[in-house]
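Note sheet for the following structure.
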Amino acid sequence: MMGPASVLAPNLAFNWHLCLPETCGSNKVKADIQSMLSQVNLTIDKVVCHAEVKNGPMSEDSAAVGAIVLTAILGCMVLLGSALDLYIRATKDHGEKAPVTPGLDAVQLEKISANLQSKDTEGIEAPVSNGHRDGLIGNSQGTGHVENGGLDNPAGPALPETKGGHFLYPNTAQLPKSEEKPKNQKPKLWKRVLLCFSAVSNGEKILSVKRSPGSLTCLNGIRVLSMSWVILGHTFLNLITNVENGADLLPITRSFSFQVIMNAPLSVDTFFFLSGLLVTYLFLKETEKAGGLKVKHMVMYYVHRYLRLTPVYAYVIFVYTFVVPYLVDGPTWTSPTDKAVCEKNWWINLLYINNVLSPDQMCIAWSWYLANDMQFYVVAPLALIPLALSSQMKDNFARKVLKLIGICVSVGCIIISIACTGYYSYHNFQDLNGVFLNVYIKPWNRIGPFAIGMLVGYMLQTKKSKIEISPFMQGLGWVLALTAAGLCTLLTYDDTKGPGWGIDGRTAFDTLFRPVWALVLGWVVFICCKGKGGIVDWMLSWDWWQPLSRLTYGAYLVHLVFMITETLSMRSLIYYTQGYIVYRYFGFVCMSFIFSFLLAILVEAPMLQLEKLALS
């Protein structure tokens, strides 16, 4: 069985697939076909023989076996943790329910304990997440009104209330001796560790629709819809390689409605905007609550962020590199290229520098986003520290200077983004590979929406009271926002007609449409969070967006794995229609979120709970 043979002419390149006996080697086939094509001045670039590159037995691949064993161990931990959690709930043995939390004061704990006497099975959880993506929520506001710094709090999570058992007890070291609990009631460490893996408790947190006071609920809908937009764009790109009616694609891509798919990369800028907004909003909120910026805030700012993203990311890389190749087998699968790249460059991904170091040899090509987001997070304190310190200053002049520094840093990032994007877009015009490597994935080009998000987050944190906006100004704001959004997503329709925009017009659009899109989002979020969003806020704040919003990080990591696996395993071509793409799209969305939930139960949530346990 022969894979694709690439036949090259001066202005033409195409793949030619042949079914031949397995005994035919690639060298012999290349020589025989080249002898015929030489008569018409064509040259074969390479021949890939499927029989020569296909994977051997998985049992002979120690790394693949290791990935499966790791998955099995994690699965066993989840089963044991869930069984222990259910046993504790069933036996009502309060002494073994959950670990003592040493960091909360006695008054708060007494309130919680009294409340639990009447409602002892209530979990404490709240729906505020850090932007992108991401995931699981640990920011807690219980009935005792004890606000915790969430799992995605940039200043680091506060000491946890629960460890999977859903029950809390007062800190006996702070209570009068008459109220102290016997020492033997404190759970053993191994039980506390095991409860971190409980699918029952972690599942309840992920699927919870409870709201905490002050949460920015409209962000949940924006996050889920943006993730769906990402999947829509990638659905088209991955299926386009296996269509049989390729001649019909060009008219379809030039249609007015198709511009929504063409400009789907704006969904990534939405996540950058949300990330900048939340890192600023939560950081300033936490430092204000703590009475000012402290060293521990900066330490946990970086430590928590890395621990928040990396374990599940590393697990996906491990499985993608060594297990997924055994799940792919089809005529369009030519070689285990991704496996070789990931074996060589996996450490670059885990340092989050894969968008600047060897970007042409990137393990998991869509991980460029994670690198950018982490890099923005690293430099964000250049603006966050002055803004946080300004609230501590008693001198009015010093306060204004620090605020100005923080704002100027953010505005400077926007200016740098616009200037760099314009320069590199102009010099990579019509070079798709150059656009991807030099424009699309570089942090200095993509930081603009993140910086705009930081400014909006600062406004939300400092302008806490409700604002008064006249109906006329609200209407004008919405008209301007909708017009700008339409231009960002549909204006490229004009480029498809006639001769097109040319280098100047295209460069101008590529330079400006991302920051303009972030400004649109800034209006929507600000007006919704200030209680003026009306039906838009109602739709974006729907309760059931919350569970899905916690799964967007995992969905981003796994959605292209499904697409690549299916595309490379196809045994026949597809007839492309927009209806067919939509049909496949909904399947990919469902599978991505389902497997994201399983990934969260298996890796993401347990690792976050273990981090809490270590901090306590």
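The values are calculated or read from the model by the stated rules, or taken from the named source; none is laboratory data. The shown structure was predicted, so the numbers you read here are calculated from the model rather than taken from an experiment. Note that each Cβ is placed from the backbone with ideal geometry, even for glycine, and that neighbours are counted across all protein chains shown. Remember, those area values only see protein heavy atoms, side chains included, never the ligands or the DNA or RNA. Shrake-Rupley method; radii C 1.70, N 1.55, O 1.52, S 1.80 Å.
Annotation for Ser255 and Leu207: the two label points, set 7 Å from Cα along the Cα-Cβ direction, are 3.8 nm apart.
Normalised by the number of residues in the range 364-515, the mean separation of alpha-carbon contacts (under 8 Å, six or more apart) gives a relative contact order of 26 percent. Considering only alpha-carbon pairs that sit under 8 angstrom and 6 or more positions apart, the relative contact order computed for the range 484-616 is 23 percent. Here the Karplus curve 6.51 cos²θ - 1.76 cosθ + 1.60, taken at θ = phi - 60°, turns the phi angles of the range 240-253 into couplings of 5, 6, 10, 8, 9, 9, x, 5, 7, 5, 4, x, 5, 5 Hz, with x standing for Gly and Pro. Classify the range 499-539 as rounded, prolate or oblate from the Cα gyration tensor: take a ≥ b ≥ c as the square roots of its eigenvalues, call it rounded if a/c is under 1.5, otherwise prolate when a/b beats b/c and oblate if not. In terms of gyration-tensor shape, prolate. For the range 397-471, the tally of Lys pairs with Cα-Cα distances below 29 Å comes to 7, considering only residues 8 or more apart or on different chains. Rg and Dmax over the alpha-carbon atoms of the range 310-458 stand at 19.9, 71 Å.
Here's the picture: charge each Lys and Arg Cβ at +1 and each Asp and Glu Cβ at -1 in the range 365-483, and of Leu404, Leu382, Trp366 the one pushed furthest to the positive end of that dipole is Leu404. In this Cβ point-charge picture (+1 for Lys and Arg, -1 for Asp and Glu), the range 373-521 has a dipole of about 680 debye about its Cα centre.
Each peptide in 551-559, 77-85 was scored by the mean count of other Cβ atoms within 10 Å over its residues; highest first, the order is 551-559, 77-85.
A Förster radius of 60 Å, combined with the Cβ-Cβ distance separating Asn55 from Arg399, puts the computed FRET efficiency at roughly 0.45. Protection proxy ranking of 583-595, 497-509, by the mean of other Cβ atoms within 10 Å over each peptide's residues and highest first, is 583-595, 497-509.
Using Cβ point charges alone (K and R +1, D and E -1), the dipole size of the range 268-365 about the Cα centre works out to roughly 540 debye.
Taking one quarter of the surface of the convex hull spanned by the alpha-carbon atoms of the range 511-616 gives a direction-averaged projected area of 11.6 nm². Note on the range 495-616: with charges restricted to the Cβ of Lys and Arg (+1) and Asp and Glu (-1), its dipole about the Cα centre is near 120 debye. If you sort the three axes of the alpha carbon gyration tensor as a ≥ b ≥ c, you get a/c of 1.5 or more for the range 263-338 and a/b no higher than b/c, which makes it oblate.
Averaging the sequence gap over all C-alpha pairs within less than 8 Å and six or more residues apart, then dividing by the number of residues, gives the range 451-524 a relative contact order of 56 percent. Fully extending the segment from Leu189 to Gln430, taken as 0.36 nm per residue of separation minus the present Cα-Cα distance, adds 80.8 nm. Given a Förster radius of 25 Å and the C-beta distance between Ala290 and Val378 as r, what FRET efficiency does 1/(1 + (r/R0)^6) yield to the nearest 0.05? Given R0 = 25 Å and the Cβ-Cβ separation, E is 0.70. Can you bin the range 393-489 into rounded, prolate or oblate? Criterion: square roots of the alpha carbon gyration tensor eigenvalues sorted a ≥ b ≥ c, rounded for a/c under 1.5, prolate for a/b above b/c, oblate for the rest. Oblate, since a/c reaches 1.5 and b/c is not below a/b. With the highest mean first, a sort of the peptides 246-252, 567-573 on other beta-carbon atoms found within 10 angstrom per residue produces 567-573, 246-252.
Ordered by solvent-accessible area of protein heavy atoms (1.4 Å probe), largest first, the residues Met262, Met227 come out as Met262, Met227. Between the C-alpha center of the range 475-503 and that of the range 204-275 there is a gap of 18 Å. Checked against a 28 Å cut-off, the cross-linked pairs Lys54/Lys344; Lys210/Lys289; Lys289/Lys530; Lys296/Lys339 give Cα-Cα distances beyond that limit for Lys296/Lys339. Residue separation of Tyr87 and Gln34 scaled by 0.36 nm, minus their Cα-Cα distance, works out to 12.1 nm of gained length.
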